[in-house]
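Contents: one structure, followed by commentary.
The values are calculated or read from the model by the stated rules, or taken from the named source; none is laboratory data. Everything numeric in this text was worked out from a predicted model, so none of it was measured. Virtual Cβ from ideal backbone geometry, glycine too; neighbours counted across all protein chains shown. Side chains are part of the model used for accessible areas, which takes the heavy atoms of the whole protein and leaves out ligands, DNA and RNA. Shrake-Rupley method; radii C 1.70, N 1.55, O 1.52, S 1.80 Å.
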Amino acid sequence: MKLQKILLTLVFLVVASPVFAAPQVLNLVDVPVPLTLDGKTLTKDQVKAAIIAGARDRSWIPTMHPEKKDTVIASVLVRGKHYAEVEISYTASAYSITYRNSRELKYNPEKGTIHKSYNGWINLLSNSIQVRLNQS
């Protein structure tokens, strides 16, 4: 009976371990910029403005990248402890959000994993940018 319990526990741990593993860092690449209601494309300046406004809507702090043209660096500090920083590169037709840096988010560069909340923050950031792009 004890052996069965031990085996059952081991099977559960092996099966459940991927569920408890840290997720891969989410990088959103070439997210399309929607057309305006009248079917026109936005300008790069309009996309930039939407990215900045969308980031601020989610309490991210956007700044222009000092070296890369058409790239915004956005950072957020959650509950005074968890810090994330991303690069948002953009064109008139698409934008990409890629991981740049973090603190207190269990980032593992070898495995490319991070705390599960990070990916949710990135999705919310992208959703806010999409809302702003649709308002342009």
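Might you tell me the accessible area per residue for the chain, computed with a 1.4 Å probe and given in Å²? Could you put the intermediate results ahead of the total?
Values: 8750 Å² over 136 residues.
Each residue of the chain exposes 64 Å² on average to a 1.4 Å probe.
With no solvent and one point on each alpha carbon, what is the Debye value of log10 I(q)/I(0) for segment 65-136 at q = 0.11, 0.12, 0.14, 0.25 Å⁻¹?
At q = 0.11, 0.12, 0.14, 0.25 Å⁻¹ the computed log10 ratios are -0.30, -0.36, -0.49, -1.22.
For helix 44-57, what angle does its Cα long axis make with the longest principal axis of the chain, in degrees from 0 to 90 and rounded to 10?
50
Quick one: net charge around Asp70, please, counting Lys, Arg +1 and Asp, Glu -1 for every other residue with C-beta under 12 Å from its C-beta.
Values: positive: Lys44, Lys48, Lys68, Lys69; negative: Asp45, Glu67, Glu87.
Summing Lys/Arg as +1 and Asp/Glu as -1 gives +1.
Quote the Stokes-Einstein diffusion coefficient, in whole µm² s⁻¹, for the chain, based on the Kirkwood radius over alpha carbon pairs, a temperature of 4 °C and a viscosity of 1.567 mPa s. Numbers along the way, then the final one.
Values: Rh = 16.7 Å.
Using the Kirkwood radius from Cα pairs, D works out to 78 µm²/s.
Note the angle between two axes, namely the Cα long axis of helix 2-20 and the longest principal axis of the Cα atoms of the chain, as a number of degrees from 0 to 90, rounded to the nearest 10.
That helix lies at roughly 10 degrees to the long axis.
Carbon and sulfur together cover what percent of the accessible area of the chain at a 1.4 Å probe radius? Could the numbers behind the result be given before it?
Values: 5020 of 8750 Å².
Of the solvent-accessible surface of the chain, carbon and sulfur hold 57 percent.
Output the Kirkwood hydrodynamic radius of segment 51-97, Cα pairs only, in Å rounded to one decimal. Present the calculation step by step, with values, prior to reporting the outcome.
Values: mean 1/r = 0.0904 Å⁻¹.
About 11.1 Å for segment 51-97.
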